[in-house]
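Laboratory data are not the source of any read-out in this text; all were calculated from the coordinates shown. What you are looking at is a predicted structure, and each value in this text was computed from that prediction instead of being measured. Here the Cβ positions follow ideal geometry from the backbone for every residue, glycine too, while neighbour counts run over all protein chains shown.
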Amino acid sequence: MFRVSRIQGEARPTGPPGRLRATRGPRPSRPGRGAGASRLHSTATVRLRRGAGDALRRRSRSVRQLEDGWTEIEVPYGSGSSLADELASMGPDVVALAPAEIRDAVVRRLEAISGSHR
């Protein structure tokens, strides 16, 4: 992740004058709001442990802090398989609540991993 806070001092141009020019055309946008946004056709409800899931939090449409150190978010997704992979990779720091298809896909992945280590 790029952190602006790591930049120190003043910005100084390098290279020959006039080499870079502002271009016309599409502007960078927030993740999930650009051309791929139309593919985000569904929303999942996910519970995250405090300090986990930064990428999911950035993509979330709503955030609700819970009293027990967890956060519940609504995250848009296009591919249920990709979201299930992402959630399963977070192990005990995430709970897929809804929809049932995502929750079941995460459980299948975790069971497959668990079964391969017995």
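Could you rank the peptides 75-88, 99-112, 55-68 by their average count of other C-beta atoms within 10 Å per residue, with the highest value first?
75-88, 99-112, 55-68
Name the shape class, rounded, prolate or oblate, that the alpha-carbon gyration tensor gives for the stretch 40-118, where a ≥ b ≥ c are the square roots of its eigenvalues, rounded holds for a/c under 1.5, and otherwise prolate holds if a/b is larger than b/c and oblate otherwise.
oblate
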